[in-house]
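The values are calculated or read from the model by the stated rules, or taken from the named source; none is laboratory data. Given the structure is predicted, the values throughout are model-derived calculations rather than measurements. Note that each Cβ is placed from the backbone with ideal geometry, even for glycine, and that neighbours are counted across all protein chains shown.
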C-alpha cells in the first residue's frame, strides 16, 4: 500500500456501515431465534448439528466484506508516482588543497590535512547539484579530480590524499593557476575556487598575484582559507629517532591570501581549529548557493478495480451459496 491515496477520501466514512451491519445482524439473530417448548428435551440432547449450521453466518460475512470493498473502490484508491524536474543555475567549484608536510601539524585533530579532508567531504556532500573538482599543491600542483557531478568518485579521491605525494613546499601560485586552468572554460553562471593553505608561497614558477590576475580575467571568484592556530603548533620533524613533533611558529602569508580574495571578489578566512574550519566552509556554502527550480510531477494510477472485482466475486459466491448449499437456512 505504499504511495496509495484516495481521490474521494470522504467516502471512507461509509466504512462505518460495516460494523453497524454486524451489530444489526447479531441483534436480528437473537430476535429471530425460534423457541420450542417441550416437556422433555432429553431425547434431542445427542442430536448432532450439521456443518451447514456452523457456517450459516458465512453468507452475511461475504456480504459485509463485499460492502466494505465496494466502499473502498468508490473512494478510488490511487497509486502516486512523484517525479521531479530539477533545473539549476550551476556553480562550478574547484577545491585547491595544500598537502605540504606542514599540513601534518597537530593543532587540528587529528592533523590539519585530515581535518581539511573531513570538512571538504561534508561540503561536497551538501552540494549535490554542483560540479566540483579537486586540485592539490605542495612544491608543485596537479589535478586530482576534474570538475564532476560524480561526488562519490570525488570524495574517494579526496580521501586518498596524503602528504608526500609530490615534492614538498608551498606553491600557492601554481595551485591557483592549475585551478583556474581547470575551471576557466566552464559555462557555469558562477565559477569559484576555494584555496586552502597553511603556509607562505616559497615554491613554483607562478606568483600568487599573477594567478589571481588570471582568475579575475576569467571571472573566477577565489575564497582563500588560512589554516593554522595562532602562535605555535606541533609540527612533524624527521629526526634520527623517527618523526617527532616540535612546536614551531605558525606562518601564513595572510596578506597574499587577502589580496587574492579581494581582487577576485572572494573573501579570506582564518581557521584556527576544526570548529572554525567547519564554520568557514558553512559560510562559503551559504554565500555560493545554487539557484534550484524544482517542478514536481505526480502520476496517479487508479487502483479501484481489484477492490471492485473482489467485491463482486464475493457477492456472486454469496448468491450461489444462498441458492444452493444454504437455500434452506435462514
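Residue by residue, here is whether (1) assigned by TED's automatic domain parsing to the domain that holds residue 120; (2) on the phi > 0 side of the Ramachandran plot; (3) touching a residue at least 40 places away in the same chain (Cβ under 8 Å) holds:
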position	(1), (2), (3)
216	yes, no, yes
220	yes, no, yes
228	yes, yes, yes
231	yes, yes, no
251	yes, no, yes
265	yes, yes, yes
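Would it be correct to say that residue 132 is under 27 Å from residue 259 (Cα atoms), surrounded by 21 or more Cβ atoms within 10 Å (Cβ to Cβ) and in contact (Cβ under 8 Å) with a residue 60 or more places away in the chain? Steps first, please.
Working: under 27 Å from residue 259 (Cα atoms): yes; surrounded by 21 or more Cβ atoms within 10 Å (Cβ to Cβ): yes; in contact (Cβ under 8 Å) with a residue 60 or more places away in the chain: no.
No.
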### Task
Would you mention how many residues in region 188-202 are part of a loop (DSSP other than H, G, I, E, B) and either touching a residue at least 40 places away in the same chain (Cβ under 8 Å) or closer than 21 Å to residue 280 by Cα (or both)?
6
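Could you grab me the full set of residues in region 104-157 that are under 20 Å from the mean Cα position of the chain (by Cα) and under 21 Å from residue 271 (Cβ atoms)? Before you say what the answer is, go through the steps one by one.
Keep residues of region 104-157 that are under 20 Å from the mean Cα position of the chain (by Cα), which gives 118-132, 148-156.
Result: 118, 119, 120, 121, 122, 123, 124, 125, 126, 127, 132, 155.
From the list 68, 139, which one is surrounded by fewer than 22 Cβ atoms within 10 Å (Cβ to Cβ) and closer than 22 Å to residue 196 by Cβ? Working first, answer last.
Details: 68 fails: closer than 22 Å to residue 196 by Cβ.
Going through 68, 139 in turn, just one is surrounded by fewer than 22 Cβ atoms within 10 Å (Cβ to Cβ) and closer than 22 Å to residue 196 by Cβ: 139.
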### Odd one out for residue 97 among (1) crowded, with 20+ Cβ neighbours inside 10 Å; (2) over 25 Å from residue 276 (Cα atoms)
(2)
### Task
Give the residue that is farthest from residue 79 (Cα to Cα), with candidates limited to residues of region 1-16 that are exposed (fewer than 13 other Cβ atoms within 10 Å of the Cβ) and modelled with pLDDT of 85 or more.
16
### Task
Return the pairs, sorted by first residue and then second, in which the second residue is at pLDDT below 75 and part of a helix (DSSP H, G or I), the first residue lies in region 305-330 and is farther than 11 Å from residue 65 by Cα, the beta carbons are less than 9 Å apart, and the residues are 6+ apart or on different chains.
325/52; 326/52; 328/52; 329/52; 329/53; 330/32
### Query
Does residue 235 satisfy the criteria of being surrounded by 13 or more Cβ atoms within 10 Å (Cβ to Cβ), assigned by TED's automatic domain parsing to the domain that holds residue 132 and at pLDDT below 95?
yes
### Query
Do you know which residues across region 271-283 are surrounded by fewer than 18 Cβ atoms within 10 Å (Cβ to Cβ) and not in a loop (DSSP other than H, G, I, E, B)?
275, 276, 278, 279, 282, 283
